[in-house]
Amino acid sequence: MSLPFLDLKRLNAAHDEAIRAGIARVIDSGWYILGEEVAAFEREFAAYCQARHCIGVADGLDALALILKAYGIGEGDEVLVPSNTFIATWLAVSQAGATPVPVEPDPRTHNIDPARLEAAITPTTRAIMPVHLYGQPADMGPLLDVARRHGLKVIEDAAQAHGARYRGRRVGSLGDAAGFSFYPGKNLGAMGDGGAITTNDDALAAKLRMLRNYGSSIKYKHEMAGVNSRLDEMQAAVLRAKLPSLDADNAARRRIAAAYLDALKDLPLQLPQVADGAEPVWHLMVIGTDKRPAVQAALTAAGIGHLVHYPIACHQQQAYAGQAWPPLPIAEALQHQVLSLPIAPYMSTDDVARVAAVVRQALS
Ligand SMILES: *Cc1c(COP(=O)(O)O)cnc(C)c1O
């Protein structure tokens, strides 16, 4: 039997009744943009993230770019970003008109290395945008210390880490503001695009509510040159149906991850390492091996889905060609070694055993 990398239909089947009821509620309401569903989801997700405010937006990329714009970060400003991330982190900085400045990761966790931040700071640095990559919180304690010393904003890219905790606190409440994505495959996924910002900064929240809606808080009165970037009522209803199960879904991912770590522990692989104080939510199960092509071929032959997160480092993408990037050997090495195995709340430990057996065979 084949095992796809991620089966969205199966994932959402667990919430089928609640999702259909939510969508029916929106249809019956006759109100489709910025209504009660979005307002309720914003309250519920803010509470979940232990943050004062949540502002729904169109997607994760917009969430990050709008935070930067609301803080007035743009042309001539630099933002420190991980060298190893999904390109949306970098594109958010570029979309705001600012310059992404890559900082290498700690090779053990693949998350931005706080010890390397200071060397990248210049007089024009305005913010740090750590990513809680693969669902594991970045090392926020030392990172926040550096930010405080240099007067920098900290904007969490929490697109892969809904529900993760760092020293007991949820991501989304650790920095000045955070961007979330509800792309269908994320730990909390919609049935289309969606995103949100969480923050404890009252002034920022008020500004973002206007920015996302044509710079307006009163209909046809426009206080700033805003954009149209709204979470819609349908997606909010889907997210409300799934949010109550997020902790249980993340617990199931944790069990699957633990089963993988146990089943693969004696193999010559780089297994994911969990840092002190971090409680990951295992958005992805990423192993590292120099024999990646052999493992990929064996998984494909066995009908097991796999992906690479990410095959080309951001600074080597054509989108960022022609700029003088510093050497980024860690990101450049990782792109040839990393391999993501299937992980999802619906998986069984038997599934894990099957995948592990194929990996073991490929490496023998
Ligand atoms: C998914 C993702 C985003 C962007 O989210 P979209 O909703 O697809 O725009 C940003 N950063 C990271 C790390 C992501 O994984």
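Observations, loosely collected:
- Of all DSSP-defined beta bridges confined to the chain, some 60% are antiparallel rather than parallel.
- Three-way shape label, the chain, alpha-carbon gyration tensor, a/c 1.5: oblate
- Sorting 70-81, 128-139 by their mean Cβ neighbour count within 10 Å, with the most densely packed peptide first, gives 128-139, 70-81.
- Rounded to whole numbers, the Karplus 3J(HN,Hα) couplings from phi for segment 147-153 are 4, 5, 4, 10, x, 9, 6 Hz, using 6.51 cos²θ - 1.76 cosθ + 1.60 with θ = phi - 60°, and x at Gly and Pro.
- Cut-off under 5 Å, modelled amide H: who pairs with residue 188 long-range: 162
- Each of 224, 210 was scored by other Cβ atoms within 10 Å of its Cβ. Arranged with the fewest first, they read 224, 210.
- Across segment 117-130, rounded Karplus estimates of 3J(HN,Hα) from the backbone phi angles (6.51 cos²θ - 1.76 cosθ + 1.60, θ = phi - 60°) give 5, 4, 5, 9, 7, 10, x, 9, 5, 10, 7, 10, 10, x Hz, Gly and Pro being marked x.
- Relative contact order computed over the chain (Cα-Cα under 8 Å; 6+ residues apart), in percent: 22 percent
- Taking amide hydrogens as placed 1.01 Å from N in the peptide plane, the amide H of residue 154 sits under 5 Å from those of 128, 176, 177, each at least 5 positions away in sequence or on another chain.
- Sorted by Cβ density within 10 Å, fewest first, the residues 182, 5, 45, 86: 5, 86, 45, 182
- Förster radius 25 Å - calculated FRET efficiency between residue 2 and residue 294, Cβ distance, rounded to 0.05: 0.80
- Relative contact order of segment 154-219, defined on C-alpha pairs under 8 angstrom at six or more residues apart (%): 25 percent
- Summed side-chain charge close to residue 18 - residues other than residue 18 whose Cβ falls under 14 Å, Lys, Arg +1, Asp, Glu -1: -1
- Label-to-label distance for residue 332 and residue 40 is 5.3 nm, based on points extended 7 Å past Cα in the beta-carbon direction.
- The 3J(HN,Hα) values that the Karplus relation (6.51, -1.76, 1.60; θ = phi - 60°) gives for segment 19-31 are, in residue order, 5, 5, 5, x, 5, 4, 4, 5, 4, 5, 6, x, 10 Hz. Gly and Pro appear as x.
- Label-point gap, in nm, between residue 321 and residue 271 - each point 7 angstrom along Cα→Cβ: 4.1 nm
- Cα pair distances exceeding 13 angstrom across segment 92-148, given as percent: 60 percent
- Mean residue ellipticity, 222 nm, helices only, the chain: the sum of -39500 (n - 2.57) across DSSP H runs of n ≥ 4, divided by residue count and rounded to 500, is -11500 deg cm²/dmol.
- Pair residue 346, residue 28: separation of 7 Å Cα→Cβ label points (nm): 2.7 nm
- Count of lysine pairs in the chain with Cα separation under 21 Å (8 or more residues apart, or interchain): 10
Every number in this text was worked out from the coordinates using simple rules, so none of it is lab data. Predicted, not measured: the structure shown is a model, and the values here were computed from it. Glycine also receives a Cβ, built like all others from the backbone with ideal geometry; neighbour counts cover every protein chain displayed.
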